[in-house]
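Read the figures in this text as sums done on the coordinates, not as results from a lab. Not measured: the values here are computed from a predicted model. Because the Cβ atoms are built from the backbone with ideal geometry, glycine has one as well, and the counts that use them run over all protein chains shown.
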Amino acid sequence: MRARTLPLLAVLALAGCGEGPTTRERAHAFTVTLDDYLFRPQNISAPGGALRLTAVNHGRLGHTLRIRVNDKVVLAFMAIPPGQRRTRSFHLRKGSYTMFCAIGNHEELGMRGTLTVR
């Protein structure tokens with residue numbers, strides 16, 4: 001029984017790797033959930049103009065949410081404690097931006113995603 005379980009666990013682990021589907025937001029306000037080493041949704045497409053982002057930490061650890069383009073941070077939420085939320089309004093030009101957690105190696109562990117402003 002154990003010999004069958006290990007290959008199945010390997011397949012399930014690999015299925016979680018890589019980019020997830022893109023969530024297409026119609027409204028100018030949207031939410032990103034921060035969990036321990038995961039953003040949900042991981043990929044967001046939002047309309048241009050004034051945007052309002054709410055970051056909610058459902059993890060057991062504190063996390064940040066930062067947005068960068070070409071290594072320049074254009075929006076930064078400071079550490080958000082577990083169970084807390086923060087909301088910010090901002091403007092971004094059309095383009096592709098990287099969302100990430102700036103604490104320790106959280107980005108490398110999977111706390112990253114893409115925000116596309118259309």
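Need one word for the stretch 78-118: rounded, prolate or oblate. Basis is the Cα gyration tensor (sqrt eigenvalues a ≥ b ≥ c); a/c below 1.5 gives rounded, then a/b vs b/c decides.
Numbers: a/c = 2.92, a/b = 1.33, b/c = 2.19.
Note, shape of the stretch 78-118 comes out oblate.
Between the DSSP loop rule and a limit of at most 15 other Cβ atoms within 10 Å, which GluC sites (Glu not before Pro) in the stretch 24-118 are left? Numbers along the way, then the final one.
Details: sites: GLU25, GLU107, GLU108; in loops: GLU25, GLU107, GLU108.
Listed in order of number, the matching sites are GLU108.
If you place +1 on the Cβ of every Lys and Arg and -1 on the Cβ of every Asp and Glu, how big does the dipole about the Cα centre of the stretch 70-118 come out, in debye to the nearest 20?
Computed about the Cα centre, the dipole is about 360 debye.
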